[in-house]
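Student: My structure is below; once you've seen it, I'll send some questions.
The values are calculated or read from the model by the stated rules, or taken from the named source; none is laboratory data. In this text the structure is predicted, and so the values were computed from the model without any measurement. Backbone-built Cβ (ideal geometry, glycine too); neighbour counts: all protein chains shown. Note: areas computed on protein heavy atoms with side chains; ligands, DNA, RNA excluded. Shrake-Rupley method; radii C 1.70, N 1.55, O 1.52, S 1.80 Å.
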Amino acid sequence: MHSQISFRIDWFDLLQSKGLSRVSSILCLHWLGSLTQRHSATDQAEQFFRSGHTNNWAVLVCTSRFWFNYHVANTLSVYRSVKRLGIPDSHIVLMLADDMACNPRNPKPATVYSHTNMELNVYGDDVEVDYRSYEVTVENFLQVLTGRIPSSTPRSKRLLSDDRSNILIYMTGHGGNGFLKFQDSEEITNIELADAFEQMWQKRRYNELLFIIDTCQGASMYERFYSPNIMALASSQVGEDSLSRQPDPAVGVHLMDRYTFYVLEFLEEINPASQTNMNDLFQVCPKSLCVSTPGHHTDLFQRDPKNVLITDFFGSVWKVEITTETISLQPDSGVMESSYKQDQMVEELMEPLKYAEQLPVAQIIHQKPKLKDWHPPGGFILGLWALIIMVFFKTYGIKHMKFIF
């Protein structure tokens, strides 16, 4: 800052010594300042492309099954946060081992809550689950990471990252020393996970990778990592349990784990332009709050964590193209009008369906109810006959009953 001030003073003195007036000198200085800012912005943009980071991806996994293992709220809460910060569904692979929203024990069907008193529904209306139920296996998870998946697999189930991708991998479930359980029937070890990350690095599937795990003895899962540019965080050290926060009486289970709860509370204060760094994330859940001791591993990461923004992994990166050519922003009105009409015709012919309208049941839900033919209830007919008989008795008496029967 001081160098910029002295630079402007020197130029001001030089311009006045050349015979320019005070106003002319100020205008020249203003022009020089704007030129300097343009060069600075261009340098920053070029530095961005030289950094090798142009896109972000997220792989979010809940490995627990059955109602009382309500870890799905952890994963859906992280999913909500990364979407809020700009990562689109096309760059998120969401794996949920159980569909708690449709569980018969759920008092509020089609909802998953992360806070007590049912304050925040993290299931929402736009959750795109890529792998659900028995699709969430160790084999499928490793195939997603390494890209070794069948050619018939749809795009939404693929991790289409490259050597310029920063990847967030979040996992939650039940684990132990060196393993994480999947579906209560199989497990992935820290060695298998480390080897998968090495395959990703060798195949140029990431630029930097952030691994976060919320499970018992979580730190044991990153002890065997050996690939470069990996930063890892865990909710507990080896020999420690990772605990839930508090139960919800209405739902009947513990909704979230302590570590993920405080991480998400921290992320709620982050916006896409935030300058908060990873060192701040390391401090979000001290032992006084988590009961367990959170850990982090940065030995394999090349950059200093204080220089790594939270949005480098949790936010979106928009690619821009630098050009020196002049672009006309006012095209020919005739061409624009004809193009607009063509686009309008195409939209009318290929109008995309809303999500609800793709289901056959939507035609039943949204149509107006048909008017039913009116039929008197059975009790009404019986009462009418009783009234007729009473009127007959009062008028003609019992002696005329033979004319009825």
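Student: Could you work out the relative contact order of the stretch 53-312, using alpha carbon pairs under 8 angstrom and six or more residues apart, expressed as a whole percent?
Tutor: Values: 558 pairs, mean separation 51.2, N = 260.
It rounds to 20 percent for the stretch 53-312.
Student: In addition: For the stretch 53-312, what is the convex hull volume of its Cα atoms per residue in Å³?
Tutor: Details: hull volume 30.9 nm³, N = 260.
Hull volume over Cα atoms, normalised by residue count, gives 119 Å³.
Student: Along Cα→Cβ, 7 Å out, is where each label goes; now give me the distance between the ones at Asp126 and Tyr226 in nm to one decimal.
Tutor: Output for this residue pair reads 4.4 nm.
Student: Just subtract the alpha-carbon distance of Lys306 and Tyr134 from 0.36 nm times their residue separation and send over the number in nm, one decimal.
Tutor: Numbers: separation 172, 0.36 × 172 = 61.92 nm, distance 3.99 nm.
Answer, rounded to one decimal: 57.9 nm.
Student: May I pose another question? Antiparallel as a % of all DSSP beta bridges within the stretch 48-182, to the nearest 5? Display every interim value, and only then the final one.
Tutor: Values: 3 of 18 bridges.
Beta bridges within the stretch 48-182, antiparallel portion: roughly 15 percent.
Student: Between beta-carbons, use under 12 Å as the cut-off and find the net charge around Leu159, counting Lys and Arg +1, Asp and Glu -1. Please report the intermediate quantities before stating the final value.
Tutor: Numbers: positive: Arg148, Arg155, Lys157, Arg158, Lys203, Arg205; negative: Asp130, Asp162.
So the environment of Leu159 carries a net charge of +4.
Student: Now a separate question. At a 1.4 Å probe radius, carbon and sulfur cover how many percent of the accessible area of the stretch 235-293? Show your work: numbers first, answer last.
Tutor: Numbers: 1360 of 2820 Å².
Carbon plus sulfur share of accessible area: 48 percent.
Student: Hey, rough spin-label estimate for Phe392 and Ala273, points 7 angstrom out along Cα→Cβ, what's it come to in nanometres?
Tutor: Each label point lies 7 Å from its Cα, and together they span 8.8 nm.
Student: Using a 1.4 Å probe, what is the accessible area per residue for the stretch 53-312, in Å²? Before the final figure, lay out the partial values.
Tutor: On the way: 10780 Å² over 260 residues.
Value for the stretch 53-312: 41 Å² per residue.
Student: First select every other residue whose beta carbon is under 10 angstrom from the beta carbon of Arg303; then total the charges, Lys and Arg +1, Asp and Glu -1.
Tutor: Details: positive: Lys306; negative: Glu208, Asp304, Asp312.
Every neighbour counted, the sum reads -2.
Student: At a Förster radius of 60 Å, what calculated FRET efficiency corresponds to the Cβ-Cβ distance of Thr326 and Glu265, to the nearest 0.05? Working shown, then result.
Tutor: Numbers: r = 48 Å, r/R0 = 0.81.
With R0 = 60 Å, the Cβ-Cβ based efficiency is 0.80.
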